[in-house]
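The values are calculated or read from the model by the stated rules, or taken from the named source; none is laboratory data. Just so it is clear, the model here is predicted, and its values are computed rather than measured. Every residue, glycine as well, gets a Cβ built from its backbone with ideal geometry; the counts of neighbours run over all protein chains shown.
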Amino acid sequence: MDVTKRYISLSKRKVNRDPITEPWPEIGLVLENAPEDPLPSIRVKDGVIIEMDGKRREDFDLIDRFIADYGIDKSGCERAMALPSADIAKRLVDVNVTRDEIVGLTVGLTPAKLMRVVCELNIVEIMMAQMKMRARRSIGNQAHVTNLKDNPVLMSMDAAEAALRGFTELETTGVVGRIAPLNAIALLVGGQAGRPGVLTQCSMEEAYELQLGIQGLTTFAETLSVYGTEGVFTDGDDTPWSKAFLSAGYLSRGIKTRFSSGTGSEVMMGAAEGKSMLYLEARCLWIIKASGIQGTQNGSLDGIAITSTLPGGLKTVASENLIASMLGLEVASGNDTYFTESDMRRTAKFVPTLFAGTDLITSGYSATPNSDNVFAGSNVDTEHYDDWYMIQRDFSVDGGIVPVKEEDVVRVRRRAGKAMQALFEELHFAPIGDEEIEAAVFAYSGEDIIDRNIRNDIRCAELVLTEGITGLDIACALNRRGFAFEGESILALLKHRVAADYLQTSAFVDSNLNVKSIINDRNDYRGPGTAYRPDEERIKKLNDNARLKTFRNILEDANACGPDGEDIDIREIGDAERGKRKDEVVIAVSPSFGSHQKKTLGDIPHLRVLDEVIAGIEEEGLRARCVKCYESSDLGVIASIGAKLSGSGIGVGIQSKGTSEIQQKDFSPLFNLELFSQAPLLDREAYRKIGGSAARYAKGETPEPLPARIDPSVHPLLIKSSVLHYFDTQRIVRRKKPVEFTYVEKGAKE
């Protein structure tokens, strides 16, 4: 079968590399309402749940029993379960129903009922509900900070930069498990160098990770995974009780703790029991709630490659985030696994959480290039900072991070490196050289740094454990070596831990080292005018993009010389008269051409524009005459004036921004022989061809029109084009006749 060229082009799009599939309920490859999903039900007798979701108590598996005994609010569950799912869904989007009222109901809903409630909502309604149901009013974000070489110098600098950009939490891991203590220290020190109060984690084997937390080298934990079927849970020798016991170890040390879950994990492990992904995730979230943990890292996570293959997969991801919020949990919404090669799909994935707002917009924005991300690659990384900033700016939303200036990035990166250098010297660890620091300050990734002897670093990391080096030791050592700012910040975090200040739901520490949580920063959304909105200072930070150009900047740039310092000196002769020679082509330019603007949108100096057009005319054996039009900045009018003044009746009109046209004297200004509308695409060769084509028209020939060039990517320059045209228009002098001129290169010897 013949295939059209457009279809061939579409087939090569990156999105068509993404796998897609149809549901297969038997293995759990179904998002919601699988045939094996139970119908919602509950019965309570003498304060004990004796039936839940179609199962009698004697048939409960260990997950059912844990949820029933420690999770569901038995005092109100029968009343809540009696409400139609659609009625609860309507309350979720009703601005007159408070978050507290909703949570009062939803903590009495079984997993099957929770799933059916969110299935009543479309994606816009899910976003509306999420805006109301998140725990904390203000917004945070979390970053991954890793590198394939486990280099503590680079890691500390990337942590400092991520903190400066506004991330409230940083998470690392290691290629080599034994080096984890140094990675934890790098994040702890680097994070505080970038912004005091940043919480940090080192994701490792659970007992090892707990030990790092006990020693005060980390401040939060979230990689305590739970699953929705008994088979998957017990494969790791775990039960809900063992997870709750482990979490108690963290909580008793004042360490902020979240569990992790996500749709698709049970399918990946081959034990979904024919249940839908969303139902199993609702079970996971109830385990988390019943464990007394403040929150969850969820949103498909590693399972996104499975969830996203099914129709409605990304909606389901937003749904599971919402269920977590409905249970009163902090939500760190999963965006930390690369799942598509399509930029559009990647953006669509985080839009619901970015626009509606979750407690942490992502649970793993890669603050290192994905090529250095030991967590296997995030949905967004360092390449997407500017895109993220622009989306925040476009929609006036707070995505948890802010634009920064390059000099500030260099400053905090260098300070983090120097702090690590001083700390390692104080602790008698393998030294960090000045050359290492400077290379890492400006590095893109681990490929650009000076390699360390990793065996020495591993030995130092082991000393951290064997000698019991604590966060307090780190703080004191930094203070002794002149890094009091970082030392005091670490000490403040340790004080908050002792006081258990950030064990409250959705807690984080702001840059003033104050804890914000559901206690003092409770989400109070009640409809329009009540949602979290950044204050003026925050808005300024969100919009303070280093690439921002004011109108004055645009004009100054246009008035600058060309790339090689080429400038033009226009010398007016007098009023332009109508030519009598049939072998001439008049080049008519706009009011600010060559005087108040010196180059085109394509960065071609006006000097060279005229050189090329004239050369093209002369190559055809004709002569050129130049005039400046003061009466109008409109290209059609300018070109028409040039044609009427030309002895041949052919003129070339050129605006200061570079847009050009070939015109004939008998044509209306709105009609032309040839129009070249996209100035950024016109290079020197193009202007030469325009001159040659105009000359052939002047000789009475009918040349083949020059090939049209269209590139949609130049459309973002429209604002610059509009500004330049505005300034061109400001130079109009009414009733002033066109002026003939010659020109020379400014500064050239005559």
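Values computed for the structure shown
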item: Number of positions in segment 243-270 that are hydrophobic (A, V, I, L, M, F, W, C), within 30 Å of Gly313 (Cβ to Cβ) and surrounded by fewer than 23 Cβ atoms within 10 Å (Cβ to Cβ); result: 3
item: Ala324 vs. criteria within 17 Å of Val226 (Cβ to Cβ), assigned to a helix (DSSP H, G or I) and small (Gly, Ala, Ser); result: yes
item: Total residues in segment 102-133, condition within 30 Å of Glu51 (Cα to Cα) and either outside any helix (DSSP H, G or I) or modelled with pLDDT under 95 (or both); result: 7
item: Flag if Val95 is hydrophobic (A, V, I, L, M, F, W, C), surrounded by 11 or more Cβ atoms within 10 Å (Cβ to Cβ) and more than 29 Å from Ser291 (Cβ to Cβ); result: yes
item: Positions within segment 224-260 being assigned to a loop (DSSP other than H, G, I, E, B) and touching a Lys or Arg at 6+ places or on another chain (Cβ under 9 Å), in sequence order; result: Val226, Tyr227, Gly228, Thr229, Arg253, Gly254, Ile255
item: Residue identified as crowded, with 20+ Cβ neighbours inside 10 Å and part of a helix (DSSP H, G or I) among Ala193, Ala221, Ala207; result: Ala193
item: Selection from segment 28-60 of residues that are assigned to a loop (DSSP other than H, G, I, E, B), surrounded by 16 or more Cβ atoms within 10 Å (Cβ to Cβ) and more than 39 Å from the chain's Cα centre (by Cα); result: Asp53, Phe60
item: Strands (runs of 3 or more DSSP E) contained entirely in segment 636-703, each with at least 2 residues that are under 15 Å from Glu618 (Cα atoms); result: 650-654
item: Test result for Gly174, in contact (Cβ under 8 Å) with a residue 24 or more places away in the chain, touching a strand residue (DSSP E or B) at 6+ places or on another chain (Cβ under 6 Å), surrounded by fewer than 24 Cβ atoms within 10 Å (Cβ to Cβ) and in the same structural domain as Glu462 (by TED's automatic domain parsing); result: no
item: Filtered residue count, segment 662-703, keeping only those that are acidic (Asp, Glu) and under 13 Å from Val637 (Cα atoms); result: 1
